[in-house]
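**Student:** So that we are looking at the same thing, I have put the structure below in structure tokens.
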Amino acid sequence: MTKRILLASPRGYCAGVDRAVVAVEKALERYGAPVYVRKQIVHNKHVVEVLERRGAIFVDDTDEVPQGALVIFSAHGVAPSVHEAAKRRELRTIDATCPLVTKVHKEAIRFAADDYDILLIGHVGHEEVEGTAGEAPQNIHVVDGPGDVERVVVRDPNKVVWLSQTTLSVDETAATVERLRERFPRLQDPPSDDICYATQNRQNAVKKMARQSELVIVVGSSNSSNSVRLVEVALEYGARSAHRVDNASEIDDAWLDAVETVGLTSGASVPEVLVQDVIAYLVDHGFEHIEDVVAAEEDLLFSLPKELRRDLEENTSGRKA
């Protein structure tokens with residue numbers, strides 16, 4: 001048999017990641033280095049290193065940003081307390097939160113205003129979960145998977161709603177909701193699906209290829225929730241083995257022993273250059289036939305953050321004048 005690569009489509013950058021990375025690049029062009037970024041702008045080691053070389057400085061909190069300087073908030077979103085801390089330090093801010101994360105924040109605010117207990121399905125400690133929970137800390141309970149359901153305590157079981165982190169496994173989230181509904185039969189659903197389109201599409205592509213693949217390689221960093229989920233989905237849907245790598249140098253030749261078909265995809269924070277490097281590695285190892293596995297077509301684009309867009313437009317107008 002000809003050794004082949006099943007190449008997932010869509011893969012890599014989603015609209016929210018692209019918007020956030022471009023925001024840092026445009027800020028560096030517009031304002032010059034350094035530009036401070038709270039946390040990693042997106043969860044990808046390569047992207048962060050490239051932006052650092054261009055003059056971005058990544059910090060864990062606003063306290064590390066010089067007073068009055070410019071700071072960009074990452075795609076994962078931040079709690080209101082972070083905005084307040086930035087204001088106290090007179091920082092100029094650009095909010096690169098993904099609009100789909102912002103949607104979940106608004107849902108949390110709305111249900112908290114109606115005094116619901118909000119069951120936020122997500123991973124404890126993840127930046128997105130911390131940001132959403134910060135919108136209504138008195139109302140929100142983080143539920144970290146089906147095994148966490150039994151410990152949940154609410155004030156009124158008739159007034160409970162669930163929301164979710166946008167980058168979770170679709171299947172695990174459904175299992176968690178099922179367990180929650182067993183405990184709270186009156187549990188309400190969010191107004192619309194919280195798991196983002198890109199997460200779902202990338203998982204669906206892996207589901208299509210997994211059973212045909214002895215090995216699935218997911219390009220993505222270890223702190224990328226959606227990349228880690230892709231490995232889990234591949235194994236759950238029939239791949240004999242699956243591994244996550246940051247780049248081609250992390251591939252173990254032994255993984256390819258007796259393998260005829262490799263499924264290849266990448267998380268939503270991964271630039272395509274890293275996938276192409278893995279393809280080149282696999283071609284060098286005899287995997288010369290490439291087949292696309294298409295789960296969806298994506299054409300969504302988000303406009304840049306309004307603060308940056310305003311300054312870029314003013315700069316353009318000034319040059320024309």
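**Student:** Would you list the membrane-span-like helices of the chain, meaning whole DSSP H runs whose alpha-carbon atoms span at least 15 Å along their axis and whose mean Kyte-Doolittle value is at least 0.0?
**Tutor:** On the way: long enough: 15-31 (23 Å, 0.16); 99-113 (21 Å, 0.24); 170-183 (20 Å, -0.94); 197-210 (19 Å, -1.20); 225-236 (16 Å, 0.45); 272-284 (18 Å, 1.18); 306-320 (21 Å, -2.21).
Correct list, ordered by number: 15-31, 99-113, 225-236, 272-284.
**Student:** For the stretch 206-267, report the % of Cα-Cα distances exceeding 20 Å.
**Tutor:** Numbers: 315 of 1891 pairs.
In whole percent, the long-distance tail amounts to 17.
**Student:** Net charge around Ala239, counting only other residues with Cβ within less than 9 Å of its Cβ (Lys, Arg = +1; Asp, Glu = -1)? Could you put the intermediate results ahead of the total?
**Tutor:** Working: positive: Arg211, Arg240; negative: Glu214, Glu236.
With Lys, Arg at +1 and Asp, Glu at -1, the net is 0.
**Student:** Using only the Cα atoms of the stretch 202-321, construct the convex hull and provide its projected area averaged over every direction, in square nanometres to one decimal.
**Tutor:** Details: hull surface 39.9 nm².
Averaged projected hull area, Cα only: 10.0 nm².
**Student:** I would also like to ask the following. Per DSSP helix of 4 or more residues, -39500 (n - 2.57); summed, then divided by the residues of the chain. What does that give at 222 nm, rounded to the nearest 500? Kindly include the intermediate steps, with their values, before the conclusion.
**Tutor:** Details: 10 runs with 126 residues, N = 321.
Rounded to the nearest 500, the figure is -12500 deg cm²/dmol.
**Student:** Enumerate the lysines that Lys159 could reach by cross-link, defined here as Cα to Cα under 24 Å, with residues fewer than 8 away along the same chain left out.
**Tutor:** Qualifying lysines at Cα under 24 Å: Lys103, Lys106.
**Student:** A follow-up question, please. Taking the Cα centroid of the stretch 108-180 and of the stretch 267-307, what is the distance between the two, rounded to the nearest whole Å?
**Tutor:** Their Cα centres are 32 Å away from one another.
**Student:** With the Cα gyration tensor of the chain in hand, convert its eigenvalues to equivalent ellipsoid semi-axes via √(5λ) and list them largest first in whole Å. Intermediate values should be presented prior to the final figure.
**Tutor:** Numbers: eigenvalues 224, 174, 47 Å².
Its equivalent ellipsoid spans semi-axes of 33, 29, 15 Å.
**Student:** Over the heavy atoms of Lys103, what accessible area does a 1.4 Å probe trace out, to the nearest 10 Å²?
**Tutor:** 60 Å²
**Student:** If packing is taken as the average count of other Cβ atoms within 10 Å, what order do 26-36, 4-14 fall into, highest mean first?
**Tutor:** Details: 26-36: 16.7, 4-14: 22.5.
Averaged packing, sorted descending, gives the order 4-14, 26-36.
**Student:** Please report the accessible area of Leu51 (heavy atoms, 1.4 Å probe, ligands and nucleic acids excluded) in Å², nearest 10.
**Tutor:** 0 Å²
**Student:** Roughly what % of Cα-Cα distances in the stretch 1-91 sit above 19 Å, to the whole percent?
**Tutor:** Numbers: 1844 of 4095 pairs.
Every Cα pair in the stretch 1-91 considered, those over 19 Å come to 45 percent.
**Student:** Obtain the radius of gyration and the Kirkwood radius of the stretch 257-315 from its C-alpha atoms and give Rg over Rh.
**Tutor:** 1.21
**Student:** Given a Förster radius of 25 Å and the C-beta distance between Asp193 and Leu300 as r, what FRET efficiency does 1/(1 + (r/R0)^6) yield to the nearest 0.05? Present the calculation step by step, with values, prior to reporting the outcome.
**Tutor:** Values: r = 14 Å, r/R0 = 0.58.
Between Asp193 and Leu300 the formula returns 0.95.
**Student:** Also, I was wondering about something else. Please give, to one decimal in nm, the separation of the simple spin-label points placed at His243 and Ile57, each 7 Å out from Cα toward the Cβ.
**Tutor:** Taking the simple label geometry, His243 and Ile57 are separated by 3.8 nm.
**Student:** Would you tally the net charge around Ile195, using a Cβ to Cβ cut-off of less than 12 Å, leaving Ile195 out, and scoring K and R as +1, D and E as -1? Kindly include the intermediate steps, with their values, before the conclusion.
**Tutor:** Numbers: positive: Lys103, Arg202, Arg229; negative: Glu128, Asp171, Glu172, Asp193, Asp194.
Value of the local net charge: -2.
**Student:** Still on this structure: Could you order peptides 278-284, 127-133 by the average number of other Cβ atoms within 10 Å of their residues, highest first? Don't skip to the answer; put the middle values down first.
**Tutor:** On the way: 278-284: 16.4, 127-133: 23.7.
With the highest mean Cβ count within 10 Å placed first, the list reads 127-133, 278-284.
**Student:** While we're on this one: Using the beta-carbon distance between Asn223 and Asp156 and R0 = 45 Å, what value does 1/(1 + (r/R0)^6) give for FRET efficiency, to the nearest 0.05? Could you put the intermediate results ahead of the total?
**Tutor:** Details: r = 36 Å, r/R0 = 0.81.
The value I calculate is 0.80.
**Student:** Considering only protein heavy atoms, what per residue accessible area in square angstrom results for the stretch 234-321 with a 1.4 angstrom probe? It would help to have the intermediate numbers written out before the result.
**Tutor:** Values: 4910 Å² over 88 residues.
Heavy-atom accessible area per residue stands at 56 Å².
**Student:** At 7 Å along the Cα-to-beta-carbon direction for both Asp277 and Glu64, put a label point, then send me their distance in nm to one decimal.
**Tutor:** 2.4 nm
**Student:** Next up: Just want to confirm a number: the relative contact order over the chain, from Cα pairs under 8 angstrom separated by 6+ residues, in percent. Don't skip to the answer; put the middle values down first.
**Tutor:** On the way: 631 pairs, mean separation 82.0, N = 321.
Reported relative contact order: 26 percent.
The values are calculated or read from the model by the stated rules, or taken from the named source; none is laboratory data. Only a predicted model underlies this, so the values are computations on that prediction, with no experimental measurement involved. In this analysis, Cβ positions are derived from the backbone assuming ideal geometry, glycine residues included, and neighbour counts consider all displayed protein chains. Accessible surface is based on the protein model in full, side chains and every heavy atom, while ligands, DNA and RNA are left aside. Shrake-Rupley method; radii C 1.70, N 1.55, O 1.52, S 1.80 Å.
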